[in-house]
Amino acid sequence: MATDQKPEWSDPSNPDLCSSVVRKGEEHEVQATFLQKNTRFKKRNTQEISVEELYSGVLNRNRSILARAITLVESNADHHFQKAQELLQKLMPSTGNSIRIGITGVPGAGKSTFIEAFGEYLCSLGLKVAVLAIDPSSSISGGSILGDKTRMEQLSRNSRAFIRPSPSAGKLGGVHRKTRESIILCEAAGFDVILIETVGVGQSEVIIRDMVDFFMLLVLTGAGDELQGMKKGIMELADAIIVHKADGENKPKAEKTRNDYNRILHFLQPATKGWMTKAHTCSSLTLEGISGIWDMIQTFEQKGKDSGVFAERRKIQSREWLYALISDQLHYHFYHHQGVKNLLPKIENEVIAGEKTVASAVESLLKRFFIKEGNL
Ligand SMILES: Nc1nc2c(ncn2[C@@H]2O[C@H](COP(=O)(O)OP(=O)(O)OP(=O)(O)O)[C@@H](O)[C@H]2O)c(=O)[nH]1
Ligand SMILES: [Mg+2]
């Protein structure tokens, strides 16, 4: 009988954190002979890779090592956390030189298709492009990981591009840290442009806005009154609104929608100081408008660098990252504290039954949290 094992990146001290298992294959003689004959099927390297190897591999833009480094920062295991931090610390001086672009929009807005067309265009200009996808819904829906991969097939074959499908945010947790650290790794690997795709479901836009230099919202054609219903908050996060799929019969409608957006944008607070957010049309099928979007982003970058707004935003983002990480870590340690885990169900029942006030329940839990686990 084959035994199931936890994957390489799971935490051996805390096996319940990871629900996946790696199923060991049945060891038939026939299969063994088949594998021996087929040299194409090499034994997978499951050996731990050293920080030094990861460091030089990332700097040399070795794509498979970059992928392993991202897997390391995505891991929840404590021993991987230390190793990832050591690697990031070493790579720090080689980071910060890319333009980070966030792309959001409702499911089906054409984000992946746009990234493929836009990414191909950037590669044709000689730029190196990394694509990261964040899918906050993947733990619920099973994710569009596979879809994204197949849709970006052409770009993934381009030697100037690197595509990383989304981690399962809900399962792995700490998506902020993992995405930011993945950006750092891609920058250290020398990618000039980092594109980050996220499905627009409300909160994810705010998270991404805090990680990128330029943020764009992909929308589809719609009547003016539909625009009124659109959340003002989301439009105020964007540095550009792209009315997508402006091709064929849809083109005149897209142009009208663009004008409608521009009228509304006129009254809104721009997302970036000194920059007027505007609506544009584009098609990822005909490629019309794609080069104009890159020209606009370059103007944005130049203006922001001249005025200092670009550097200022990155500083603010680093500070916000610090506080986000403090919250993440406190949250993690609190809920993983054995004493808290033991006490929480009882306290929860007492609160529900009205026997204990919420404030005193929290106080009891915090008192328990500050007792060292060894003393429990
Ligand atoms: N006509 C037209 N169709 C497009 C264009 N871009 C994408 N599509 C189509 O729109 C559909 C959705 O495209 P995707 O790129 O998968 O959309 P998405 O926003 O990444 O979707 P999710 O990842 O599921 O949120 C696909 O059937 C595409 O072929 C375009 O520029 N013009
Ligand atoms: Mg997509």
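Values quoted throughout were computed directly from the atomic coordinates according to the rules given, and no laboratory measurement underlies them. Because the structure is predicted, anything quoted here is derived from the model rather than measured. Because the Cβ atoms are built from the backbone with ideal geometry, glycine has one as well, and the counts that use them run over all protein chains shown.
Among the listed pairs Lys111/Lys278; Lys273/Lys305; Lys128/Lys273, which are separated by more than 21 Å between their Cα atoms? Please report the intermediate quantities before stating the final value.
Values: Lys111/Lys278 18 Å; Lys273/Lys305 12 Å; Lys128/Lys273 28 Å.
Beyond 21 Å between Cα atoms: Lys128/Lys273.
Sorted ascending by nearby beta carbons within 10 Å, beginning with the fewest, Asp78, Asp239 become Asp78, Asp239. The peptide list 306-316, 108-118, put in order of mean Cβ contacts within 10 Å with the highest first, becomes 108-118, 306-316.
A crude spin-label estimate for the pair Thr286 and Gln85, with each label 7 Å from Cα along the Cβ direction, gives 5.4 nm. Of the trypsin sites (Lys or Arg not before Pro) found in region 320-376, those in coil by DSSP whose Cβ has at most 10 other Cβ atoms within 10 Å are Lys372. Taking the number of Cβ atoms within 10 Å of each Cβ as an exposure proxy, the fewest-first ranking of Glu205, Glu236 is Glu236, Glu205.
Computed from label points 7 Å out along Cα-Cβ, the spacing between Asn259 and Glu153 is 4.0 nm. Annotation for region 332-376: GluC sites (Glu not before Pro) lying in DSSP loop with at most 12 further Cβ atoms inside 10 Å of their Cβ are Glu355. Treating each Cα of region 319-375 as an identical point scatterer and summing with the Debye formula, the log10 of I(q)/I(0) at q = 0.18 Å⁻¹ comes to -0.67.
Dipole check for region 319-375: with +1 at the C-beta of Lys and Arg, -1 at the C-beta of Asp and Glu, and the Cα centre as origin, the magnitude is about 180 Debye.
Of Leu54, Leu322, Leu125, the sequence from fewest to most neighbouring Cβ atoms within 10 angstrom is Leu322, Leu125, Leu54. Positive end of the dipole of region 319-375 (Cβ unit charges, origin at the Cα centre): among Val362, His337, Leu322, the Cα lying farthest that way belongs to His337. For region 73-137, a simple Cβ point-charge model (Lys and Arg +1, Asp and Glu -1, everything else neutral) yields a dipole of about 200 debye relative to the Cα centre.
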